[in-house]
Every structure is written in C-alpha cells, then in structure tokens.
1. Assuming 0.36 nm per residue, please report the length gained on full extension of the stretch Val11 to Arg53 beyond their Cα-Cα distance.
2. Find the relative contact order for the chain and round it to a whole percent, using C-alpha pairs within less than 8 Å whose residues are 6+ positions apart.
3. Compare the peptides 270-276, 3-9 by average per-residue count of other Cβ atoms within 10 angstrom and give them in order, highest first.
4. Per residue of the chain, what 222 nm ellipticity follows from adding -39500 (n - 2.57) for every DSSP H run with n ≥ 4, rounded to the nearest 500?
5. Quick one: compute a quarter of the convex hull surface over the Cα atoms of region 21-104 and quote it in nm².
6. Beyond 30 Å, what percent of the Cα pairs of region 2-296 remain?
7. With unit charges on the beta carbons (Lys and Arg positive, Asp and Glu negative) and the dipole taken about the Cα centre of region 2-296, which residue among Thr81, Pro251, Ala99 sits farthest to the positive side?
8. For region 216-296, report the % of Cα-Cα distances exceeding 21 Å.
Amino acid sequence: MVVVGAAARDVAPDDPRGWRLGGGVTYGALTLARLGLRTACLIGLDGPAAEAREVDVLRAAGAEVVAQPLERGPVFHNQETAAGRVQRCLSLSDVLRPAALPEAWRSAGAWLLAPVADEVDEAWAAAIPRAAVVGLGWQGLLRHLSPGAVVRRRAPAASAVVRRADIVGVSAADVEAGTSLGELLDLLRPGAVLAVTMGDRGGWLAVREAADAAGPPRLVRYPAIPAGPPVDPTGAGDVFLAALLAARLEPRLAGGRSRRNLFLAAAAASLVVEEPGLAGVPGVAAIADRLAEFRRLGAPT
C-alpha cells in the first residue's frame, strides 16, 4: 500500500512547537500501518515538518517513509465554531511529482492518494498501475486556497485522479451546498464507491454499479459510533477512509462484508477524535473494543 500526500502543519497553541503534524497522508498512513497493512508513504515535508516527531511515529508503526522536501508546505489554522470548522490557509503546498516515487513502489497493488492542498495533480492517475486499487481523499482537491485567507469550497470538477479512484472519501462539509449525490457520482467511474461522512450524524456509502452507470445509485446509510468527549476532530475523515480501504484489502479485519467494513471505519473515526493529533489513531484492538461496546448498546454490526 502506497500513501501519497503533503503533511500539513496545523496551528496548535498547546504544542510547544506551535503546531502539530497532520494531513491525510499522515493520518492515513498511520491508520493503515496500525491495522497491519504493509505501508509505504511518500510524504511531502517543509523545513519545520521534516524534523517532526510524528514522522518517527509513522516509522515506529511499521510504515516505510520517504520524505519529499518541500520549499512550501501546507499550514492551516483551524477554529471550531458552533457553525462548524473555519479553516484559514497560512501557506500553500508545492506539488508532489510521481518521479519522487522509489522504483520498488511503482508496481504496488494498492494506493491511497491523500491530498490536503492540491499537491496531488493529474499526473498521478497515469502513474498508478491499471490493476491497482486506489483510494482518494477528495476534500484536498475541493479547496480554494490563498495564504492568509479563509479556505473556501471549490465545486467538484472532472478530474483524471478522481476518475481513477475506486473508493473516494469526502466530508459533506467540504462539498458546496446544493451539490447533489448524483452530481458527485457522475464524476466517478462506474462502480466506484463514494463515502460521504457527516461527523456525528454518520454518513452514506453510494455506488452506481458498472452495469447500470446511468441508473440510481445503491445507497448504504451508516450511523456514527458514539465517541467520548471530542478533543480534536482533525483527521477523522482521513482515518475513516483509510480504515475502509484497509477493510476492503484485508477481509480478516471485518469479515469481508461491506456493512462490517463501514462499522470498522466508523469505529476508527470515533476513536481518533478523543485525542489530539495522531495520538488518537487506533489499532486493531482499540477498534475491536469500541465495536464491542457499540454492540453492548444493542446496535447490530
């Protein structure tokens, strides 16, 4: 499994550095490694991020890490309000190029593209083997970014990277109001799965079967799994997507059934919000305990 993206530095006054390392690549790679998948990570790092202790956490979990130095790396200030998150961009990101991939990784059978600031461009669609399974964190391609300005939503558009993906994850909060599920699915290839997360309201899994690409989508609704008092919602969607992809690739994790895959991913996401930064990214045992607790409440999983 190869994970690609730039690590974001998220402003964090409670951290002595003034920031924590985040971004979909960081949360996704750590989730996959802690779930037991062989994980390789091409991670873009600016100067301060290159020395971050979080990179050592990835390696300690078993991920093979190749750092791509960036002159500019993404930096965000996130403010949680009653109306939702307000995110301000403090720095843009350089683009990551497929040429930075180690040769031994290029034939990998599974990929997670985890952009946070438009750093994964169209070239990646052609760089991935045709038979590989591809996950994509869409929200990193749906942002208008300008240094010093509040991040604004960007309408989803046709993209070779989106069309290449087999599983696409996005938060409902990252999609422009009024965008229909059908409009989103029209941008995916027939048969691709779209996971729309809605925080503590659960979410949807939607797919248009390849045999009937113009027909109505098949929908699966899943509930949120209750979490303890939220400490940091950053990374929940990234962890959900990575866990969902892991369950597809490794059936032993959830028994190979799509509904159980969803519950595993929702349990993983519920755990990450209970700790700051990467500290909440769970492993198999913690997820199993959370699912057992959920069943004790009478919920079928």
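1. 13.6 nm
2. Contact order relative to length: 15 percent.
3. Top of the packing list down: 3-9, 270-276.
4. Calculated at 222 nm, the ellipticity per residue is -7500 deg cm²/dmol.
5. Result: 6.6 nm².
6. 24
7. Most positive-ward Cα: Pro251.
8. I get 23 percent for the Cα pairs in region 216-296 exceeding 21 Å.
Here, each number is a calculation from the coordinates, and none is a lab measurement. Bear in mind that the values here come from a model prediction, so they are computed numbers and not experimental data. Neighbour counts run over all protein chains shown; Cβ positions are idealised from the backbone, glycine included.
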